[in-house]
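Step one of this worksheet: look at the structure below.
The values are calculated or read from the model by the stated rules, or taken from the named source; none is laboratory data. This one's a predicted model, so the numbers in the text were calculated from it and none came from an experiment. Cβ placement follows ideal geometry from the backbone for every residue including glycine, while neighbour counts extend to all protein chains displayed.
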Amino acid sequence: MNINWYPGHMKKTRESIQKNLVMIDIVFELLDARIPYSSQNPIIDELVASKPRIIILNKEDLADKSSNKLWQEYFIEKGVDSVLVNSQSGKGLDTLISTTKEIMDKKRINNKKKGIINQPIRTMILGIPNVGKSTIINSLVKKKTAKTGNRPGITKTNQWIKTKGDILLLDTPGILWPKFEDKQVGINLAFTGAIKDEILDKETLALKLLEKLLSINPELIKERYRVDVLNKSPLEVMEGIALKRGALIKHGEPDYEKISRVILEEFRRGIIGKLTLEYPQRGV
């Protein structure tokens, strides 16, 4: 699958980020805990440069718990703070606020010496589309401020939002990068819904996802769908799932389109189980 998606508004987003960074004290970089490598936009490293940064590993409830720990250890080795967050429940947001204040304590002390007091911490939240930025913002302010949706790229403009903890947050639209040098990165983004399904071959994508999940934890597939996975190809397993779910067309043939939607949706919602698709590479 050749995935290449870079809508025009993302170029404008990049330019806006560069313009607004001068006003920012600390950057929140939002990643998907299931695919921290693939959801980390290399452009953000270039844009943020030396600004203080906190990695937010969102959707930690959908990822494997032991893998979450490995990723946090990895970022510690890189000298970057990270926080595990569930944007739906708000779990981890208090830790995010306390970590932000700890990082900014030194600057606020210096500001106080200059007579600058009660100045809010100005933050910017960056991340790829559909990674949960708007949901996190709404949880931070405890009301519906940012628009949310299950379609990537719904946030179209920048907006300042006051959150708890005396933090001013500059929301930005999700930003992808022009070309995926690593094909697996594009595929992982497609698995999680960061790339619009409309531009993809969902049947091929679902088959690739099933192949990946069978290599990671075949027992979860077996338990969820009540199908035999031993010595079965991904296509055979998909056909078995279609049979179990009654996703059939004429003459009892599998309805590949329908069962593909089921597999993708159940993975994205965590119904299949807690799954992490990639792991940190030490020394990289």
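Here are some notes:
- Restricted to segment 15-50, and to residues there that are of a type in the set (Val, Ile, Thr) and touching a residue at least 24 places away in the same chain (Cβ under 8 Å), the residue that is surrounded by the most Cβ atoms within 10 Å (Cβ to Cβ) is Ile35.
- Given (1) touching a Lys or Arg at 6+ places or on another chain (Cβ under 8 Å); (2) at pLDDT 85 or above; (3) not in a strand (DSSP E or B), number of the condition Ile76 does not satisfy: (1)
- Thr172 of a type in the set (Ser, Thr, Tyr), modelled with pLDDT under 85 and under 30 Å from Ser16 (Cβ atoms): yes
- Of all residues in segment 235-284 being of a type in the set (Gly, Ala, Ser) and free of Cβ contacts under 8 Å to residues at least 24 places away in the same chain, the one that is surrounded by the most Cβ atoms within 10 Å (Cβ to Cβ): Ala242
- When segment 101-141 is filtered for residues that are modelled with pLDDT of 85 or more and assigned to a loop (DSSP other than H, G, I, E, B), the ones remaining, listed by number, are Val131, Gly132.
- The set of residues in segment 188-228 being surrounded by 20 or more Cβ atoms within 10 Å (Cβ to Cβ) and farther than 30 Å from Gly127 by Cβ consists of Tyr225 alone.
- Matching option when the condition is modelled with pLDDT under 95 and under 21 Å from Asn58 (Cβ atoms), among Pro280, Pro178: Pro280
- Within segment 58-93, being surrounded by 14 or more Cβ atoms within 10 Å (Cβ to Cβ) and polar (S, T, N, Q) holds for Asn58, Ser67, Asn68, Gln72, Ser82, Asn86, Ser87, Gln88.
- Pairs, first outside any strand (DSSP E or B) in segment 55-70, second among the acidic types (Asp, Glu) and modelled with pLDDT of 95 or more, C-beta under 8 Å, six or more apart: Lys59/Asp32; Asn68/Glu60
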